[in-house]
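See below for the structure under consideration.
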Amino acid sequence: MLRSNTKRYVLIHHICESSQKYHFIYSIFIDNDILIKLGINIAMIFNRLLVQWLFLTLVFPSNSLNSQSKRGPGCSTTCGNVTIPYPFGIEENCYLDTSYMVTCNMTSGSVSIQGMNVSVVDISLNGHLRALSKVGSVCYNESGEHFVLEKSRTELSRFPLSLGQNELTTLGCDVQSTVKSKTDLVEVTCTTAPGRCMHTVSCSSNVNCCQTRIEHVLPTHFYFLFRSDQNKTGHKNYTSCAYAFIGETGRYNFSELDIYHSTSEKFRYEMLLDWTVGDTNCQEAQKNISSYLCKENSECFDVDYVKGYRCSCSTGYHGNPYLENGCQDVNECEGSENDCIHRCVNTNGSYKCSCPFGQHGDGKKKGMSCTYSKGFIISVSAASVMLSSLILYEGLKQRRIMKSRERFFKKNGGLILQKLLFESKRSSQTAKIFSARILEKATELLTGRKVYSHDGTESELGLAIYFVSSLERGCLIEVLDSKVKQDVVDGHIKKIAKLAKECVEIEGKNRPNMKRVKDELKEINESYLKSSLLFNKVKYIC
């Protein structure tokens, strides 16, 4: 509150953050007497301004919040041979914040990250960076004083060396190199063997080469220092320069030629760095869902020696866990990632194996596999026995039918017929025997009716059944040809019909044999001839 003579004023500040991160301050001077006359409370004015600020903050969020939601369109994903995954990015709105802003040299294809003074050669979603190490060097004159010294200061922004995954390498005769930080709290030293400047082929003996694994967390800002006793006799005749660099463990192959070069430009060794997101651990980050960066189907992991956390797609998913819908389901059934023995069924984030019908188990090679159940084995065995019995029964049935046919064939004069057929081969008159099936088909084709049938109406029955039915109903005359009706005496027709009825009996034992049929037909024929002669004489006399 300000006082001017007798007037008192109220000064109210309104601070608003725009979409471009510019901060605006609105200052309002209001006559306090006017406020009292209007009956307006100062707290009410402040509350209204606060509501306006919250509204503008929600409607125009900052770039930092936008960048956390999703990657904008048109973002480059590569620079030269280096893949640039989110949260890193080249263009504006393509990176999480400036710590992940990538500069791409289109001419050389080199990649650098904001705040780092080394080139990046690989960015992996598993939380690692690979960057080219700077090489420290020192050369001595004949008096043992160094005349060239390159400390090669290194700046790594927020991305420290991976703990236990890098080593300090020193090349040179009787020299000690040290990695130091600005705070001098942590340092790493590597010293080649003193007084033993000779030819060597490896770093194992520390002659002209030594390597020390970096087991402590180094600051992200460090440089190299050297110390040597080059005034000793013979040392300067072997080499007058020494070099030091940091590289990923196990990736440097020593060559004695490396210690003869007075320039560090030939060296190209990669350091392994860690990268994370956020400034808190997973538990704290998950409390604020709006700023939490691990998206759906992903998990959060803490890194003990680095601030922030990492995101990784859950098991069964792959992709970028920092992007919306970035983690997609892996179809394990399409490749060799499953261990199913028989059938594989893909599910969200996993897969299932199934066993064939009648088997149980998990269907996996390294699991319970698939085995037949006892019940299924018993059922299959029972079914096999039943099927075998049925086949055996049908075989025996067909055999009995064949035997029965053979017996009836002999009983009904079949042997006589065979003899007659054999004798007929010697004459011009021949005969042929047709099977019952062929005769049935021929009858159906000629008459349009089945020879024998149990189904249908009486008119649709087979000829034999229809004949017997007509005979029993006294309607025999209906099934006879008109010419037969005129020429044949009614008594003879009845005798022939009776004989025919016996011949079509279903049971073979009720049917007459061929000899009886022959004798009765002969008797009927002789009777018919006598009746015909008598009828003709009577007609002639009349």
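Once you've got the Cα coordinates, tell me which of LYS151/LYS182; LYS151/LYS180; LYS419/LYS501 are over 21 Å apart. Intermediate results must be reported in sequence, preceding the final value.
Details: LYS151/LYS182 13 Å; LYS151/LYS180 10 Å; LYS419/LYS501 27 Å.
Beyond 21 Å between Cα atoms: LYS419/LYS501.
Would you mind working out the accessible area per residue for the range 274-378, using a 1.4 Å probe, and quoting it in Å²?
Spelled out: the 1.4 Å probe surface of the range 274-378, per residue, equals 60 Å².
For a protection proxy built on the mean count of beta-carbon atoms within 10 angstrom, sort 103-112, 86-95 highest first, please.
For the peptides 103-112, 86-95, the packing ranking is 86-95, 103-112.
Tell me, what is the 1.4 Å probe accessible area of SER255, in Å² to the nearest 10?
Spelled out: SER255, probe radius 1.4 Å, area about 40 Å².
Please sort 298-304, 128-134 by packing, taking for each peptide the average over its residues of neighbouring beta carbons within 10 angstrom, highest first.
Averaged packing, sorted descending, gives the order 128-134, 298-304.
What does the extension gain come out to for LYS495 and GLU523, with contour length at 0.36 nm per residue minus their alpha carbon separation?
Using 0.36 nm per residue and subtracting the Cα-Cα distance, I get 9.1 nm.
By how many nm would the segment from TYR269 to ASN81 grow when fully extended, if each residue of separation counts as 0.36 nm and the alpha-carbon distance is taken off? Kindly include the intermediate steps, with their values, before the conclusion.
On the way: separation 188, 0.36 × 188 = 67.68 nm, distance 1.70 nm.
Stretched out fully, the TYR269 to ASN81 stretch lengthens by 66.0 nm.
For a quick protection proxy, order the peptides 275-282, 162-169, 521-528 by their average other-Cβ count within 10 Å, most packed first. Let's see the in-between values first.
On the way: 275-282: 18.8, 162-169: 20.4, 521-528: 13.0.
Those peptides, ordered most packed to least, come out 162-169, 275-282, 521-528.
Pull out the extension gain between ASN348 and HIS216, defined as 0.36 nm times the separation in residues minus the alpha carbon to alpha carbon distance; nm, one decimal.
Numbers: separation 132, 0.36 × 132 = 47.52 nm, distance 4.12 nm.
Length gained between ASN348 and HIS216: 43.4 nm.
Do you know the Lys pair count in the range 269-385 for C-alpha distances under 22 Å, with sequence separation 8 or more or different chains?
8
The values are calculated or read from the model by the stated rules, or taken from the named source; none is laboratory data. Predicted model, so just to flag it, every value in this text is computed and none were measured. Because the Cβ atoms are built from the backbone with ideal geometry, glycine has one as well, and the counts that use them run over all protein chains shown. When the accessible area is computed, the model is the full protein with side chains, heavy atoms only, and any ligands, DNA or RNA have been set aside. Shrake-Rupley method; radii C 1.70, N 1.55, O 1.52, S 1.80 Å.
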